[in-house]
């Protein structure tokens, strides 16, 4: 009678354990209704992230500087208005003259003669058109073009970095959810086993050591559950911060923890990175812009040519209607050449400084290419390692399930103790946790490799 009761109770325990372990695997891959998708999370983060918005302002500023450089090709217009008040009418001393103008005698007595007015109003309009500046204007404009392209490359780099961060945070949330679910189901199994162990102990089927072991395993499982809950909460908070949401706002995510093999080789990844990585483009643009600034500095060695036009109106009243001594308006055209041929080496030193900056930018470009190549290789090797871990942990899950099945049958035949069944269940739970962690790490590693190649996309 005692053996029949023991077998009946053991069958109940095994049924509960099998149902719970099946529940661990039975989670769907669609997520709750209205779940946040990865593209939606990325879009929200790009819209609210301060660094990305700052990079966008950098693009706007660079575009404005390029337009500013273009205005140097165009004529410049300026105007001015002036009022001059003298303490007395201007005069000159005349010794006196006797003139005959068209048959009419004119006598100018000796003494002071007024030649102007106390009140003098002047308005003028002037334009200046540069004709030649030693190539400096063209070089400055080309440097402005490179500056705009550089700002766009930096903006793209900021966006790609944020997309990687969001994808990593999103996948960490999903991984933490799976690990929490495994930990929760493990506690449920341990609680069921603890209840049955108490019952078996009360009827004398197991020793006290087996009962104490079940209690210790349950306490450890509850600690693991608490850590898993905190890890999930922290992962959700990280994702919320990236999306510009409240740190404790609820998050429901679409489940995308699905394995898909990565087919690219290392050389292909390196080639893609050289062509697409915005940091490499930015470093190349800096070197090109530095070359244009060298040309601009060299242009100061040459004279500048410009054409000037001036229109002026004058009057002894604010109406600018002229005066007795001066006409109302006047205009002039002038060609002008300016050449600063001696400034104690200032232009040479500036040219030397720009050449040094150009060489510096060239060295930094080489350094950036090496850095990106190393980053791609490291990300590629880590991805391949994570890929192997996914396969290893998948086989470990299969082996753990088989181990648990054999232990259950042995336990049903009273060929082993409940400790072996409990250990088998613990190993199976660990194998499942390792598998979800490896799958999450693989997808995160893939996101990092895509970022290292300069190609980011939602999986």
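The values are calculated or read from the model by the stated rules, or taken from the named source; none is laboratory data. Values in this document were obtained by computation on a predicted structure and should not be read as measured data. All Cβ positions, glycine included, derive from the backbone under ideal geometry; neighbour counts span all protein chains shown.
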Report summary line: Those residues of the range 355-414 that are at pLDDT 95 or above and within 19 Å of residue 433 (Cβ to Cβ) come to a total of 0
Report summary line: Within the range 76-89, the count of residues that are surrounded by 13 or more Cβ atoms within 10 Å (Cβ to Cβ) and not in a strand (DSSP E or B) comes to 1
Query raised in the report: Taking the range 182-226 as the region of interest, how many residues are free of Cβ contacts under 8 Å to residues at least 12 places away in the same chain and closer than 30 Å to residue 246 by Cβ?
Result: 2
Query - Which listed residue, of 422, 374, is surrounded by 13 or more Cβ atoms within 10 Å (Cβ to Cβ), over 30 Å from residue 127 (Cβ atoms) and out of contact with any strand residue (DSSP E or B) (no Cβ under 7 Å at 6 or more places or on another chain) - result: 422
**Report entry** residue 344, sole failed condition from (1) exposed (fewer than 14 other Cβ atoms within 10 Å of the Cβ); (2) assigned to a helix (DSSP H, G or I); (3) modelled with pLDDT of 90 or more
**Finding:** (2)
Report summary line: Of the conditions (1) farther than 30 Å from residue 178 by Cβ; (2) out of contact with any helix residue (DSSP H, G or I) (no Cβ under 8 Å at 6 or more places or on another chain); (3) modelled with pLDDT under 90, the single one that residue 216 does not satisfy is (1)
Query raised in the report: Of these, 79, 71, which one is without any contact (Cβ under 8 Å) to a residue 24 or more places away in the chain and closer than 30 Å to residue 130 by Cβ?
Result: 71
Report summary line: Among 320, 428, 351, the single one that is surrounded by 13 or more Cβ atoms within 10 Å (Cβ to Cβ) and closer than 30 Å to residue 288 by Cβ is 351
Query raised in the report: Restricted to the range 117-149, and to residues that are surrounded by 17 or more Cβ atoms within 10 Å (Cβ to Cβ) and more than 30 Å from residue 304 (Cα to Cα), which residue is modelled with the lowest pLDDT?
Result: 117
Report summary line: A careful count of residues in the range 193-210 that are part of a helix (DSSP H, G or I), at pLDDT below 80 and more than 14 Å from residue 426 (Cα to Cα) gives 6
Query raised in the report: Quick one: would you say residue 188 is in a helix (DSSP H, G or I) and within 23 Å of residue 443 (Cβ to Cβ)?
Result: no
Requested in this report: Answer with yes or no whether residue 295 is more than 30 Å from residue 448 (Cα to Cα), in contact with a strand residue (DSSP E or B) (Cβ under 8 Å, 6 or more places away or on another chain) and either in contact (Cβ under 8 Å) with a residue 24 or more places away in the chain or buried (at least 18 other Cβ atoms within 10 Å of the Cβ) (or both).
Outcome: no
Query raised in the report: Does residue 101 satisfy being at pLDDT 85 or above and either in contact with a strand residue (DSSP E or B) (Cβ under 8 Å, 6 or more places away or on another chain) or loosely packed, with under 12 Cβ neighbours inside 10 Å (or both)?
Result: no
Query raised in the report: Do the conditions hold for residue 232, that is, is it assigned to a helix (DSSP H, G or I), modelled with pLDDT of 85 or more, under 25 Å from the mean Cα position of the chain (by Cα) and buried (at least 18 other Cβ atoms within 10 Å of the Cβ)?
Result: no
